[in-house]
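To keep things clear, I will list the structure first and then write my remarks on it.
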Amino acid sequence: MPALQWLNLKPLTGRAATAQNQTTMDFCNALKTLLGENAVLTTPEDRASFERDWRGLSQYPAVAVALPKTPEQVSEIIKLCAAEKIAIVPQGGNTGLVAGGVPIANTPQLILSLNRMNAIRSLDLAADCLVAEAGVPLATVQQAAKDADRLFPVSFAADGSAQIGGVISTNAGGVQVLSYGNMRAQVLGLEVVLADGSIWHGLNALPKDNTGYDLKQLFIGAEGTLGIITAACLRLHPAPRARATALVGTSSAADAMALFQSMRRIAGPALTLCEFMTAEALALGGRAPFEAPAYLLLEISALEEDATPQALIERVLEAALEDGTALDAVIAQSERERDALIAMREAIPEGELHAGGAVKHDISVPLGRMAEMVVATEALIAKTYPGCRLNIFGHLGDGNLHINVRPPEGDALSSLNKAEITTNVESLAVSLGGSFSAEHGIGQFRLAGMAAHKSPEALALMRRLKTAFDPTGLFNPGKTIPESPND
Ligand SMILES: Cc1cc2nc3c(=O)[nH]c(=O)nc-3n(C[C@H](O)[C@H](O)[C@H](O)COP(=O)(O)OP(=O)(O)OC[C@H]3O[C@@H](n4cnc5c(N)ncnc54)[C@H](O)[C@@H]3O)c2cc1C
């Protein structure tokens, strides 16, 4: 890792502590002069919700929370932090699931919240793109696209709170990746403030630009470790004119997979959504209209006014009901019914949290091994952690499952050996040719997986990139790249 040696990792006492408090006050006053009194939060009460991650599993103090309005202010903050040896934790909507956007322990850090950089700067319908500042909520971009008769396809349960900068920094996926790709596929250009305070104006709107390294790609999915994204040029897609949505019951993951493949064969990229949920998972999101061991939520979208996706979905489902691949099915008859089906799927993570939480995983495996992964996980948990309840759901068409292990009924989450469970589940996915982190990123919670499964060559390259972009380790220390055994 790059040098963090200037960060004081030992708690101070006596005169040294008094001097540190004075330095902190001076730093906060300098920030207030720069940004205005209301744009710097210093009290523990004001900082608390920024310091705590979405699941409430990580909470360490920051020196302050800064809320800049412009890239120039971000640049000045970076220079001030570098001078005062205070690290920077960039934060968007703070909905990340791996504690990437909150402070780590024993390190002076400033949370740099992009909340106030929330303007859509421009909309270019000739080029089918818009430029949004980093703090614009994902749902606002979706709505702006809709108002312009376009589609912005990245969508997931936290889209009212997650912000463009955070969604890019985690390269988030969501429910329509199988047709439109993840966030990386939507980014045409970026504006980024770098570790020396300079601003990289990379906001071009060109689908083609082979002028050397594609620098924007390095910041996408970098979880705030290489620079602060302040704005992005995002690709817009034609709005669908018709769609059909169905909830289908199946008896197993293998049948769900078979059904997905039939749908995909017939609908191709028009199959825009294919979500898998076990009965236990769906029960956390709401009451299913019928009972089945597992469910698929499917959606076919069409760009033509006269298309009949409903007829297509009915045709495939009739065949599946006949051959037994499907046990039961409902097709939404209105937008309201469609929204209710989607809402039930999207309510699963929050339902799980309210039910006491789980040891969460975000694995992917090759499509041909999805059913095997589900069966092997069920066997692993039944044998090694008897009584534990599984909540398995995810983006079947992307080979991505959230395999969440809940404690036995009546037991607390803290009773589980989280590290051991995670090692077992992630190793299983990797042994099937998969990944231990499909779409949520690494943050703090997946560092052990990085150390265990990422090759030494890949880690060495990542460390060299980090050092090149951020030589003093100013940005988001303790995230994404595990410490080198030589540090
Ligand atoms: C209910 C729920 C459902 C979810 N479903 C999905 C899903 O289906 N698919 C999926 O992929 N993800 C999903 N997620 C997780 C998803 O990764 C995040 O919600 C989202 O992408 C993060 O956006 P955010 O603005 O909240 O970022 P934050 O949580 O604030 O930050 C995430 C990371 O990005 C960095 N960061 C934030 N802003 C910037 C910036 N401007 N510049 C540089 N770095 C920055 C942070 O330091 C941190 O490392 C879900 C989360 C929740 C709570």
Point to revise | Interchain or long-range residues, amide H under 5 Å from SER122's placed H | key: VAL131
Review point. With θ set to phi - 60° and the Karplus curve 6.51 cos²θ - 1.76 cosθ + 1.60, what are the ³J(HN,Hα) couplings of the stretch 437-442 in order, to the nearest whole Hz, using x for Gly and Pro?
Key: 8, 8, 9, 8, x, 10
Point to revise | Cα shape, the stretch 224-335, gyration tensor, a/c 1.5 rule | key: oblate
Review point. In nm, to one decimal, how far is the ASN204 label point from the LEU367 one, both placed 7 Å along Cα→Cβ?
Key: 3.4 nm
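Within the stretch 120-238, what whole-number % of the accessible surface is contributed by carbon and sulfur, with the 1.4 Å probe and all protein chains included in the calculation? Intermediate values should be presented prior to the final figure.
Numbers: 2380 of 4510 Å².
Summing carbon and sulfur atoms, their accessible area is 53 percent of the total for the stretch 120-238.
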Point to revise | Rounded tilt (10° steps) of 456-469 against the dominant C-alpha axis of the chain | key: 50 degrees
Study note, to complete from the structure: Per the rule of 0.36 nm per residue minus the C-alpha distance, extending GLU457 to TYR60 adds in nm 139.7 nm
Exercise for review: May I ask for the distance between the Cα centers of the stretch 80-108 and the stretch 275-301, given as a whole number of Å?
Suggested key: 37 Å
Revision key, fill the gap. Interchain or sequence-distant (5+) residues whose placed amide H lies within less than 5 Å of the amide H of ALA242 are ALA302
Review point. In sequence order, what are the phi-derived ³J(HN,Hα) couplings for the stretch 70-82 according to the Karplus relation 6.51 cos²θ - 1.76 cosθ + 1.60 with θ = phi - 60°, rounded to whole Hz, with x for glycine and proline?
Key: 9, x, 5, 5, 4, 4, 5, 4, 4, 5, 5, 5, 4
Exercise for review: Collect residues whose amide H, placed 1.01 Å from N in the peptide plane, falls under 5 Å from the amide H of ILE392; neighbours closer than 5 in sequence don't count.
Suggested key: THR278, ALA281, ASN404
Check your understanding: So how far, in whole Å, is the C-alpha centre of the stretch 158-183 from the one of the stretch 439-477?
Key -> 21 Å
Review point. By how many degrees, between 0 and 90 and to the nearest 10, does the Cα long axis of helix 309-323 differ from the longest principal axis of the chain?
Key: 60 degrees
Practice item. Determine, for the chain, the count of lysine pairs separated by eight or more sequence positions (or lying on different chains) whose alpha-carbon distance falls under 20 Å. Key: 21
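Mean shadow of the chain, computed from the convex hull of its alpha carbons, in nm²? Don't jump to the answer; show the numbers that get you there.
Working: hull surface 96.1 nm².
Projected over every direction and averaged, the Cα hull of the chain covers 24.0 nm².
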**Study point:** With every protein chain in place, the stretch 325-382: carbon and sulfur % of accessible area (1.4 Å)
**Key:** 56 percent
Study note, to complete from the structure: For the chain, longest principal axis from Cα atoms; helix 370-384 axis from its Cα atoms; angle between them, nearest 10 degrees, is 70 degrees
Review point. What distance in nm separates the simple spin-label points at ASP147 and ILE266, each placed 7 Å from Cα in the Cβ direction?
Key: 3.9 nm
Review point. What FRET efficiency comes out for the pair LEU465/LYS79, r = Cβ-Cβ distance, R0 = 22 Å, nearest 0.05?
Key: 0.50
Review point. Simple spin-label model, 7 Å along Cα-to-Cβ: GLU409 to ASP339 in nm?
Key: 3.6 nm
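Explain nothing, just the number: relative contact order of the stretch 120-238, from Cα pairs under 8 Å at least 6 residues apart, as a whole percent. Could you put the intermediate results ahead of the total?
Working: 227 pairs, mean separation 39.2, N = 119.
That works out to 33 percent.
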Review point. How many Å² of accessible area per residue for the stretch 204-341, probe 1.4 Å?
Key: 46 Å²
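Counting Lys +1, Arg +1, Asp -1, Glu -1, what net charge surrounds LEU247 among other residues with beta carbon under 15 Å of its beta carbon?
On the way: positive: ARG243, ARG287, ARG336, ARG338, ARG345; negative: ASP255, GLU275, GLU291, GLU299, GLU314, ASP328, GLU337, ASP339, GLU346.
Local net charge: -4.
The values are calculated or read from the model by the stated rules, or taken from the named source; none is laboratory data. What you are looking at is a predicted structure, and each value in this text was computed from that prediction instead of being measured. Cβ: placed from backbone, ideal geometry, glycine included. Neighbour counts: every protein chain shown. In case anyone asks, the SASA skips ligands and DNA or RNA and just uses the protein heavy atoms, side chains included. Shrake-Rupley method; radii C 1.70, N 1.55, O 1.52, S 1.80 Å.
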